[in-house]
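Single-structure report; data block below.
The values are calculated or read from the model by the stated rules, or taken from the named source; none is laboratory data. Keep in mind that this is a model prediction, so the values were computed, not measured. Cβ placement follows ideal geometry from the backbone for every residue including glycine, while neighbour counts extend to all protein chains displayed. Just the protein is used for accessible areas: all its heavy atoms, side chains included, with ligands, DNA and RNA removed. Shrake-Rupley method; radii C 1.70, N 1.55, O 1.52, S 1.80 Å.
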Amino acid sequence: MGRVQANKAHKTRFSSKSSRNIHRTSLKDKGRIAKSDGNVGKGARAARIQHNKMVREQKRAALLKERRAMSGSSSPPRVIVLFGLSASADLDSLAKDLLRLLSAEDAGVVPSTVSSPEYKMRVTVLKAPHGDLTACMEMAKVADLIGFVASASSLCEDTSSYYIDSFGNQCLSVFRSIGLPSTVVFMRDLPLDMKKRQEFKKMCISSLTPEFPEDCRFYLADTKDELHKFMWLFKGQRVSAPHWRNQRPYLMAQKVDIVNDDQNPGKSTLLLTGYLRARSLSVNQLVHVSGVGDFQLTKIEVIKDPLPLNARKDHGAMDFDEVHEVEVIKSLDPNPMKQEALLVENVPDPLAGEQTWPTEEEMAEAERAHEQKKLKKRSLPRGTSEYQAAWIVDDSDVEDSESDGDGDDDNGMVLDEEENGIASREGHNGLYYDDDQASLNLRDSEEETEVDSMIMDGDNLTKEQIKDELKKIKEAHAEDEEFPDEVDTPLDVPARRRFAKYRGLKSFRTSSWDPKESLPPEYARIFAFDNFKRTQKHVLANALDVEQADRDDCVPAGTYVRLHVREVPTGVATGLCDLVKTLPIVSCGLLQHESKMSVLHFSIKKHDSYSAPVKSKEELIFHVGFRQFVARPIFSTDNMNSDKHKMERFLHAGCFSVASIYAPISFPPLPLIALKHAEEGSAPAVVAVGSLKSVDPDRVILKRIILTGYPQRVSKLKASVRYMFHNPEDVRWFKPVEVWTKCGRRGRVKEPVGTHGMGNEVCFKWNSSATRHRMHEFV
């Protein structure tokens, strides 16, 4: 027999990565073979799959809960706000058609809130008056759905847009800044011919699509069948709302009453009746009535719903004004131990910085030391305040800055230098003073700049004087855009006295500036946070815990309640009773600390429709969420890499600025709409839009000025400049401050040239390390 071929067996020892560690022994037990680690990867994959499945189930359950809350019998009526894109849009007929569709067929006069068993939903329809910006804003804040009405008859109008007029464009931009809820567009007044009807429909959709969000739907709204299609789709639609509105409970009053308070003359109890929305409200919580202020609650009454979803057809619509007999289901009274106090200002303690009370011997010794200190002469720079002199050690008083070998620099201004003595090229070497505390208190300084000295109020001025003031403001605005921060040295006042509040900085970015320096005593009345972001996170977490917990002092969202607001001025309460017929009165619950005063900073941008200049400290009407108040903001830049920010004299178009004001504390995100009354009887104009940025009383805002001159003689190392100063004492005073050109060349003041006349020249000496550039402007 032939020899049988025997092939070598295939080696499978290292055929796969999972079998490479089989031959290795365990460190703990070398006698046993280590198991493969392949199951570890399989277990991790299974854990990831399980985690993703749990996340999907949680999101699905939250969505289902939200849909049940919005469409169930316990949900409040959905608010539909109808807004006409042009004056030709007929809102009355559309609102009447919608309400009749939802209410009973035989109903006569249909109220604004109806209940429809057919669609299984309750709806409140509001009509935004065309031309009233304030009313449109207030309705948009509480709207669950904004229905923009476009009329085909607006094609005949001679405007830039066929369907949207100027007021419609202005309101659209304001609605975007506030935060748009769910939106739809109703197309009305289309021709009856089907061919022309389709052409007009396509034209309207193509023209309006860029103006609205992507999820905005377009509906025909001329016939009952078309409105029925909209209501059927709206029934199952998930309604979206701005995030800032869902953070606080709020109530849109259906009825407003007042009860006189016999104990407090001039005060009364305001009764607000309506559906509670968004979140649950505690009776121990503070509330804010829009346009009035912050108040405490004396009672919350849970009332039987006058408009149940499962009511009979003949009671499908009910007028709230005709309900006289109210059935109170439950009443909640505040707990004096747990009720939040209405605290607005801090009460400073004058002895808060004292550790112990001094004895009589210590006080007598301090007086003797103070008298000896007065008799002792100290060599201090001119213009040094008592606060600055207290921090100067006696041993360092004899040290003089020997600039250019001169020993007469005692009569100079204060110069803040860096520790390393290196100047940063990013900071402009001008003159600065702290405007955060000096200007926010709205008290004008003794000597202001040319722009600040303009008249703010025009109460006692004639029309000619008002026109002259507006002309001056416009000229100053144009000059500030072309030459920012440049100030001419006055002829009649010495510069060392005119700019005594300013100091020279070596670098705007790196030079130190204490935010607590020279604060007025009144500044201790406002509140500050050690860590604002941490406090905001803690407050929102507590509000969420209150929402999830079933507490006895809270009323859940969707309940029909009556709020008893304490100590409201009688005149204001009477005005609200008349105003509720045309404008929604909103009361919202406040989070912790939101009644206290502090310094708020807003990121703000000038509105495109406003062309007039906007000065710092100009009176504006601020709409922040549901709050409204009047303030005089200070505009400043937002430097990301510096703790100091430059004040801006005007709000310039096309760029964002930071507006700082005194106002009650609010937690972002919150929208901002700034309005201004133009003239008596005219509607307010939208000046700027923005959002709340932070709450920080220690934000340093510096006012910068640049003194310029004209070069007369220029040499290799020296230059003579005229018209920067007008007397030799001013030249010596500003000697420690560095000068520079726009091309980057830097130098020092050497000496004054000339001793008389209005055009004293200044001799500058350039630094040896500075590069040679063309010198066209000195600062």
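Where the second residue is open to solvent by less than 40 Å² (accessible area, probe 1.4 Å) and assigned to a loop (DSSP other than H, G, I, E, B) and the first is acidic (Asp, Glu) and lies in the range 605-627, which pairs have Cβ atoms under 8 Å and are six or more apart or on separate chains?
GLU618/PRO633
For ASP333, state whether it is surrounded by 14 or more Cβ atoms within 10 Å (Cβ to Cβ) and either within 22 Å of THR113 (Cα to Cα) or at pLDDT 90 or above (or both).
Judged against the criteria, ASP333 is a match.
Any chance the range 465-483 includes a residue that's buried (at least 18 other Cβ atoms within 10 Å of the Cβ) and touching a His at 6+ places or on another chain (Cβ under 7 Å)?
no
For the range 652-683, name all the residues that are among the charged types (D, E, K, R) and in contact with a helix residue (DSSP H, G or I) (Cβ under 9 Å, 6 or more places away or on another chain).
None; the set is empty.
Can you tell me how many residues in the range 172-211 are in contact with a His (Cβ under 9 Å, 6 or more places away or on another chain) and either aliphatic (A, V, I, L, M) or closer than 19 Å to ASP90 by Cα (or both)?
The total comes to 2.
Could you figure out which of (1) buried (at least 21 other Cβ atoms within 10 Å of the Cβ); (2) at pLDDT below 90 isn't true of SER160?
(1)
Each row is one residue, and each column tells you yes or no for (1) part of a strand (DSSP E or B); (2) surrounded by 17 or more Cβ atoms within 10 Å (Cβ to Cβ); (3) within 34 Å of the chain's Cα centre (by Cα).
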residue	(1), (2), (3)
THR209	no, no, yes
GLU214	no, no, yes
ASP222	no, yes, no
LYS229	no, no, no
ARG238	no, no, yes
ILE258	yes, yes, yes
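Anything in the range 267-290 that is part of a loop (DSSP other than H, G, I, E, B) and either open to solvent by 50 Å² or more (accessible area, probe 1.4 Å) or within 22 Å of LYS330 (Cβ to Cβ) (or both)? List them, or say none.
Matches in the range 267-290: ALA278, ARG279, SER280, VAL283, ASN284, GLN285, LEU286.
Can you spot a residue in the range 659-666 that is in contact with a Pro (Cβ under 7 Å, 6 or more places away or on another chain) and not small (Gly, Ala, Ser)?
yes
Limited to the range 565-608, what total is found for residues that are open to solvent by less than 60 Å² (accessible area, probe 1.4 Å), in contact with a strand residue (DSSP E or B) (Cβ under 7 Å, 6 or more places away or on another chain), over 25 Å from VAL546 (Cα atoms) and not hydroxyl-bearing (Ser, Thr, Tyr)?
Residues that pass the stated criteria total 15.
Strands (runs of 3 or more DSSP E) wholly in the range 633-687 with at least 1 residues that are over 30 Å from LEU505 (Cα atoms) and either of a type outside the set (S, T, N, Q) or touching a residue at least 12 places away in the same chain (Cβ under 8 Å) (or both) - which ones?
Ranges flagged: 656-664, 671-676.
How many residues does the range 185-206 hold that are exposed (fewer than 14 other Cβ atoms within 10 Å of the Cβ) and in a loop (DSSP other than H, G, I, E, B)?
Of the residues in that region, 3 qualify.
May I ask you to list the residues in the range 611-647 that are open to solvent by 20 Å² or more (accessible area, probe 1.4 Å) and either closer than 30 Å to ARG277 by Cβ or among the aliphatic types (A, V, I, L, M) (or both)?
Within the range 611-647, ALA612, ILE621, GLN628, PHE629, VAL630, MET640 meet the criteria.
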